[in-house]
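Presented below is the structure to which this report refers.
The values are calculated or read from the model by the stated rules, or taken from the named source; none is laboratory data. Computed from a predicted model, the values in this text were never measured in an experiment. Cβ placement follows ideal geometry from the backbone for every residue including glycine, while neighbour counts extend to all protein chains displayed. Surface areas here come from the heavy atoms of the whole protein model, side chains and all, with no ligands, DNA or RNA. Shrake-Rupley method; radii C 1.70, N 1.55, O 1.52, S 1.80 Å.
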Amino acid sequence: MLGAPGKKQRNPTIIIKLNQMAKEVNLVPEKLTAEELEVLTNIIKQLNSVQSQIGGLELQKHELLHTFAQVKTKLDEQQKELQEKYGDKVIDINTGELREPAKED
């Protein structure tokens, strides 16, 4: 397949052959340098650390959602008890005063 005129075409086959030739004459190293390996392992350690922190936060979130649901259930039960005892009243949470709810027109 021909490309647009004036554009250079890259031929993957040639690149592979050049890489194979470079390997044959031992121009391509068989091992990372110590510096490259250190950089790579540091990046992987950072990634693992962040992933672990995210897992910890998700666990905390799950526990907090569970606690929230328990507290909400307690509030609902307490409201039901108070409603049975005092009827439909508005409670001032700071003073404990009970008032009649505002009438709707």
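For this structure, a couple of remarks:
- Quotient of Cα Rg and 2.2 N^0.38 Å for region 32-105, N being how many residues it contains: 2.35
- Linear extension gain, Glu97 paired with Thr67, 0.36 nm per residue minus alpha-carbon span: 7.9 nm
- Accessible surface, 1.4 Å probe, highest first, among residues Glu30, Glu104: Glu104, Glu30
- All other residues whose Cβ lies under 14 angstrom from that of Thr73 are scored, Lys and Arg at +1 and Asp and Glu at -1, for a net of 0.
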